Amino acid sequence: MKKLYFFSLMFLFFACKNEVREKPLEGKVEREQITIVTKVPGKVAEIRVQEGDFVQTGDTLAILDIPEVDAKAEQAQGALQSAEAQYHMATKGATRGQLVQLQAKVDGLKEQYDFAEKSINRLKNLLRDSLVSQQQYDETYAKYQGAKNQYLAAQAEMEEARNGARYEQQIMALGQKERALGAVAEVKVAAREKYLIAPQDMSVETINLHVGELATAGYAIINGYIHNSTYFRFTVPENRVGKLSRGSEVTLYVPYLDNKEIKGRIIAMKALSSYANISTAYPDYDNQLTVFEVKVVPSDHTSVRDLLTKTLVVLQIQ
């Protein structure tokens, strides 16, 4: 009788033990988010997408109205034209008309210089014979030197007009031209910011502004999810994380789709430092235990394309 009682207890013990299974891990369907922001302030002129749309890289999502950019573009273009003219004038030199005037000036001063030279030569002979006073000779010699210096100055002016401005002035004019070119390029960059372009394939989740509203610099106009970025996130206490390993294949179930089965692979496991990062709705483990984040990616992204973000997903630990 005692043996029968003993075997009955043992049978119940092992039966109950076999029925005990690990409680499944509950996680969330997640997707990598992307935010489209403005670089320059402007009013929303047009929204070309709707919430839920899928867009490809390079698609225009919205257009801003930035009238200040057009005004800056005109200013920059005017400054560039002025700088180009200054540089052209510095390198080319005088105009044809100016050269004609300078040549006439040089020719006239050459005649005066030649006459003064002949006069001083005559007075030298007369002074040697004491036919003129030293005072008269000195006055004529002073006029001769003046005519000579004026002629040399006119020749230098003519040479500079032919060759253009001095090298330092040309470099200064070139610097002004390059500065104006930089201003024009800056305005062109700002003008391109009127168009909000999709940086990569994505789905539009929320649109935060409407047509006519003002978007300040750095304002998030559109939020979305990156294409093929779906993953599953679990928070696991340290007393259960030992049964999981990075790189291992797992099977997931989606309750709201009648426990649809999804194959996946664990790609990351890291400790969480903040309680706010825990995704389990009703944690039933000791608060002293370290909690780890386990990230699982699907083996086939096409099978999870239509899953709703933030919905429940279950992972059964074997």
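Under 5 Å between amide hydrogens, built in the peptide plane, is the criterion, and for residue 200 it picks out 58 among residues at least 5 positions away or on other chains. Residues whose amide H comes within less than 5 Å of that of residue 317, counting only those at least five positions distant or on another chain, are 25 (H built at 1.01 Å from N in the peptide plane). In the context of the full protein assembly, residue 273 retains an accessible surface of approximately 120 Å², using a probe radius of 1.4 Å and ignoring ligands and nucleic acids.
Of the cross-linked pairs 23/310; 23/295; 43/188; 43/295, those separated by over 30 Å at the C-alpha level are 43/295.
What is the Cα centroid distance between the stretch 196-240 and the stretch 19-60, reported in whole angstrom? Cα centroid of the stretch 196-240 versus Cα centroid of the stretch 19-60: 3 Å apart.
In this label model, residue 265 and residue 195 are separated by 3.9 nm, measuring between points 7 Å along each Cα→Cβ vector. Close amide H partners of residue 53, meaning residues 5 or more places away or on another chain with modelled amide H under 5 Å apart, are 204. Here residue 105 is the anchor, and the lysines within straight C-alpha reach of less than 27 Å, apart from those fewer than 8 places off in the same chain, are 92, 118, 143, 148.
If the Kirkwood radius is taken over C-alpha pairs of the stretch 80-184, then at 4 °C and 1.567 mPa s the Stokes-Einstein diffusion coefficient equals 77 µm²/s.
The values are calculated or read from the model by the stated rules, or taken from the named source; none is laboratory data. Here the structure is a predicted model, which is why all the values come from computation and not from measurement. When we count neighbours, we look across all protein chains shown, and the Cβ atoms used for this are built from the backbone with ideal geometry, even at glycine. SASA here: full protein model, heavy atoms, side chains in, ligands and nucleic acids out. Shrake-Rupley method; radii C 1.70, N 1.55, O 1.52, S 1.80 Å.
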